[in-house]
Amino acid sequence: MRDVNYLFADEDLSDLLENMRRAAVGDVERIPEGRLLGVPIDDLVAQLATSASRNPPKLRLEELQSLGAREVKVDVSGHFMYAPGWGEPALADGTEVTIVVPFTGDGELLRYQPSTSTSICPRGDVRGAEIHLTYQLLPHEDAADLKQRLEREVKTIEEYAAWVARDIARFQATLPAEIRSAVEKRRERLHRNADLMDKLGLPVRREAAKVWTFAPPEIRRKTASITHPTSKPGPVEPALPEAVFDHVLEVIERFTIAIERSPRAFAKFGEEELRDMLLVQLNGHYEGTATGETFNASGKTDIYIPYKGKHVFIAECKFWHGKKAYAETIDQLLGYTTWRDSKAAIVVFNKNRDHTAVLATIDEETQQHSAYRRRLEQPTATQFRYVFAHPEDPNRELYLAVVAINLPPD
């Protein structure tokens, strides 16, 4: 007889879900302080819960196929119709048929035993997004016998898949509350620490060298891929992780601080020169993956970070020329985005004297845009965060950050 793997029998699903729960709650401690305090709790909870979600497998029975029939020798030991004597080994000419059962969802979950189970586990080989069910027929068995065995096996698989889906649903229903509790507790600690420093009344030392520090090659970051949540179910695409997006913007903020500390050194530079300096900073952290003037969709973006041939971050660098020109910059950036883009930024170089008024205009004009959905909490005085509807698909969301850099007037 051919050895066939058992499904839903390798490990307990409860252990997997518990590990996922601990990982999701533990991720709260790794969120940068600025993001933890600056982003709404609902957004943080939703993002962490989505990252910990799993899609249960579901059979696509309307797409069943067979791989044909082939001749095999079938073990008929102990079978009264064929065996010469009880318990004596015997082989007979038989037929082997493999049925292909496509499925959607996470195939790894077919390995795990749900909280509800029976003494009978279904059998099959998981190959990609398919389950291969192999049957060996004795000489006297026909298509009706095969159909009966197939229907019985498929019914058992569907029962187990339903039990897995129920366990996953229970897990996903309770996880957000645990994540929220962890976020609130850490935010409370951070607020308590900040209050302690305020009451102490001493200035906090800032490491000036940190502005220009480059990560050595052996610890340079990579723009790793995760699943980007959408408001409706859709294809899974790579997206820039929130932590990496935060870090890219942190590098830009440090660049801003460097300019503010040495304004005259930067006063003579134009858009391209300032952009190239910013690229040097980014490539010092991301293994040279940020490129200037890279073609993407309908135009050329100033800064572009690819991941495995797909777009995960794009940005435009512009001098401030008033609200009309700024609104056109938003349209220009959205025109560059493709359906796969999920993170974007605008870097505004302002040579006007009233930087506060420019910041207010930026915020007002951004919220007037037709694709604007909502404003996230402002992480710093010169950086804004927004969520836009994706120009190519209203079911997808695009995260837009705007960083305003104050330059000395000409």
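Descriptive notes on the structure:
- Looking across the range 28-40, the residues that are over 10 Å from GLU377 (Cα atoms) and in a helix (DSSP H, G or I) come down to VAL28, GLU29, ARG30, GLU33, GLY34, LEU36.
- For the range 372-382, the tally of residues that are touching a strand residue (DSSP E or B) at 6+ places or on another chain (Cβ under 7 Å) and free of Cβ contacts under 8 Å to residues at least 40 places away in the same chain stands at 4.
- If the condition is being in contact (Cβ under 8 Å) with a residue 12 or more places away in the chain and exposed (fewer than 15 other Cβ atoms within 10 Å of the Cβ), then the range 159-168 contributes only ARG166.
- Of all residue pairs spaced 6 or more apart or on separate chains, those with beta-carbon atoms under 9 Å, a first member in the range 383-400 that is among the small types (Gly, Ala, Ser) and a second member that is open to solvent by 10 Å² or more (accessible area, probe 1.4 Å) and not in a strand (DSSP E or B) are ALA389/SER370; ALA389/ALA371.
- Scanning the range 61-75 for residues that are in contact (Cβ under 8 Å) with a residue 24 or more places away in the chain and either open to solvent by 100 Å² or more (accessible area, probe 1.4 Å) or under 44 Å from the mean Cα position of the chain (by Cα) (or both) gives LEU61, GLU63, LEU64, GLN65, SER66, LEU67, GLY68, ALA69, ARG70, GLU71.
- Looking across GLU184, GLU260, GLU250, one residue alone is assigned to a helix (DSSP H, G or I), open to solvent by 70 Å² or more (accessible area, probe 1.4 Å), modelled with pLDDT of 75 or more and within 25 Å of HIS355 (Cβ to Cβ). It is GLU250.
- In the range 188-207, the residue that is farthest from the chain's Cα centre (by Cα) out of those that are of a type in the set (Lys, Arg) and at pLDDT 85 or above is ARG192.
- Qualifying position, being under 30 Å from THR156 (Cα atoms), surrounded by 16 or more Cβ atoms within 10 Å (Cβ to Cβ) and in contact (Cβ under 8 Å) with a residue 40 or more places away in the chain, among LEU44, LEU17, LEU36, LEU48: LEU17
- Top-ranked residue of the range 41-71 - restricted to ones that are modelled with pLDDT of 90 or more and assigned to a loop (DSSP other than H, G, I, E, B), ranked as farthest from LEU376 (Cα to Cα): LEU64
- Taken together, the residues in the range 385-397 that are touching a Leu at 6+ places or on another chain (Cβ under 6 Å) and open to solvent by 30 Å² or more (accessible area, probe 1.4 Å) amount to 1.
- When residues of the range 1-14 are limited to those that are surrounded by fewer than 17 Cβ atoms within 10 Å (Cβ to Cβ) and of a type in the set (A, V, I, L, M), the one nearest to ARG170 (Cα to Cα): ALA9
- For first residues located in the range 332-351 and under 24 Å from MET277 (Cβ atoms) and open to solvent by 10 Å² or more (accessible area, probe 1.4 Å), partners that are at pLDDT 75 or above and of a type in the set (A, V, I, L, M, F, W, C) and lie 6+ apart or on another chain with Cβ distances below 9 Å form the pairs TYR336/ILE314; TYR336/ALA344; LYS351/PHE319; LYS351/TRP320; LYS351/LEU407.
- When THR174 is tested against (1) in a helix (DSSP H, G or I); (2) open to solvent by 30 Å² or more (accessible area, probe 1.4 Å); (3) β-branched (Val, Ile, Thr); (4) more than 25 Å from THR50 (Cβ to Cβ), just one condition goes unmet, and that condition is (4).
- For the range 97-143, a residue qualifies if it is out of contact with any strand residue (DSSP E or B) (no Cβ under 9 Å at 6 or more places or on another chain) and either within 27 Å of ALA169 (Cα to Cα) or surrounded by 18 or more Cβ atoms within 10 Å (Cβ to Cβ) (or both), and the qualifying residues are ASP106, LEU109, THR116, SER117, THR118, SER119, ILE120, GLY128.
- Checklist (1) open to solvent by 10 Å² or more (accessible area, probe 1.4 Å); (2) modelled with pLDDT under 65; (3) touching a helix residue (DSSP H, G or I) at 6+ places or on another chain (Cβ under 7 Å) applied to PHE319, failing item: (2)
- Scanning the range 3-54 for residues that are over 30 Å from ALA401 (Cα atoms) and of a type in the set (A, V, I, L, M) returns VAL4, LEU7, ALA9, LEU13, LEU16, LEU17, MET20.
- Some residue of the range 366-384 being at negative phi, surrounded by 18 or more Cβ atoms within 10 Å (Cβ to Cβ) and either of a type in the set (Asp, Glu) or touching a Pro at 6+ places or on another chain (Cβ under 8 Å) (or both): no
- Per-region count, the range 187-203, residues open to solvent by less than 80 Å² (accessible area, probe 1.4 Å) and among the aliphatic types (A, V, I, L, M): 2
The values are calculated or read from the model by the stated rules, or taken from the named source; none is laboratory data. As the structure is a prediction and not an experimental result, all values here were calculated from the model. All Cβ positions, even for glycine, are placed from backbone atoms using ideal geometry, and neighbour counts span all protein chains on display. Only protein heavy atoms, including side chains, enter the accessible area calculation; ligands, DNA and RNA are left aside. Shrake-Rupley method; radii C 1.70, N 1.55, O 1.52, S 1.80 Å.
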